[in-house]
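Here's the structure, in structure tokens; my notes come after.
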Amino acid sequence: MLKLSKRVEYALLAVQEMALRPMEKISATEIAERHSISQSLVAKVLQQLGREGVTRSYAGVTGGYMLDKPTHTITIAEIIRIIEGSPTAIVDCQHAEHHDCAAHSTCTIREPLTILQERIQATFASMTVAELASPRTFVQLEVS
């Protein structure tokens with residue numbers, strides 16, 4: 001089943017936390033303790049987000065991280081791309097030139113799964129950190 005990596009999950013928790021407290025600097029330790037997750041992994045994803053201009057770090061005793069972009073401009077797809085790189089396919093044959101599939105020549109699900117992959121990516125691209133911080137405003141998915 002489709003599953004986000006721990007790194008993406010921690011990045012989403014971190015940006016959600018910063019979106020909920022936009023005027024505060026929040027440390028990686030604080031985020032980690034609040035969610036009982038790895039502080040070192042939170043720090044790493046925050047650094048990655050900082051290199052891409054999503055977060056800004058502040059040094060010192062009162063330092064921490066803040067979002068460096070408006071929450072409505074940061075998409076979930078952007079967070080995933082920053083943390084994991086290009087999106088992974090839900091089945092091997094979608095993006096791999098060489099894959100080992102005995103049913104390749106008779107496969108009837110490749111095209112429908114490609115459509116599903118596109119819809120998943122569109123959903124990630126349409127949902128913002130602002131929505132992540134305010135679950136009541138979630139995007140309604142259009143199923144056709």
Worksheet item: How do the helices (runs of 4 or more DSSP H) wholly within the stretch 1-85 filter down when requiring 3 or more residues that are farther than 18 Å from THR128 by Cα and not basic (Lys, Arg): which remain?
Response: 28-35, 39-51
Discussion item. I'm trying to understand the selection: among the residues of the stretch 42-66, which are surrounded by 13 or more Cβ atoms within 10 Å (Cβ to Cβ), under 17 Å from ALA32 (Cα atoms) and touching a residue at least 12 places away in the same chain (Cβ under 8 Å)?
Written reply: VAL42, ALA43, LYS44, VAL45, LEU46, GLN48, LEU49, THR55, GLY64, TYR65, MET66
Discussion item. Can you find, within the stretch 72-113, the residue that is nearest to the chain's Cα centre (by Cα) among those that are modelled with pLDDT of 95 or more and polar (S, T, N, Q)?
Written reply: THR75
Discussion item. Take the residues in the stretch 97-122 that are closer than 30 Å to HIS72 by Cβ and either in contact (Cβ under 8 Å) with a residue 40 or more places away in the chain or aliphatic (A, V, I, L, M) (or both); name whichever of them is surrounded by the fewest Cβ atoms within 10 Å (Cβ to Cβ).
Written reply: ILE115
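The values are calculated or read from the model by the stated rules, or taken from the named source; none is laboratory data. Quantities reported herein were computed from a predicted structural model and do not represent experimental measurements. Using ideal geometry, Cβ is built from the backbone for each residue, glycine included, and neighbour counts are taken over all protein chains shown.
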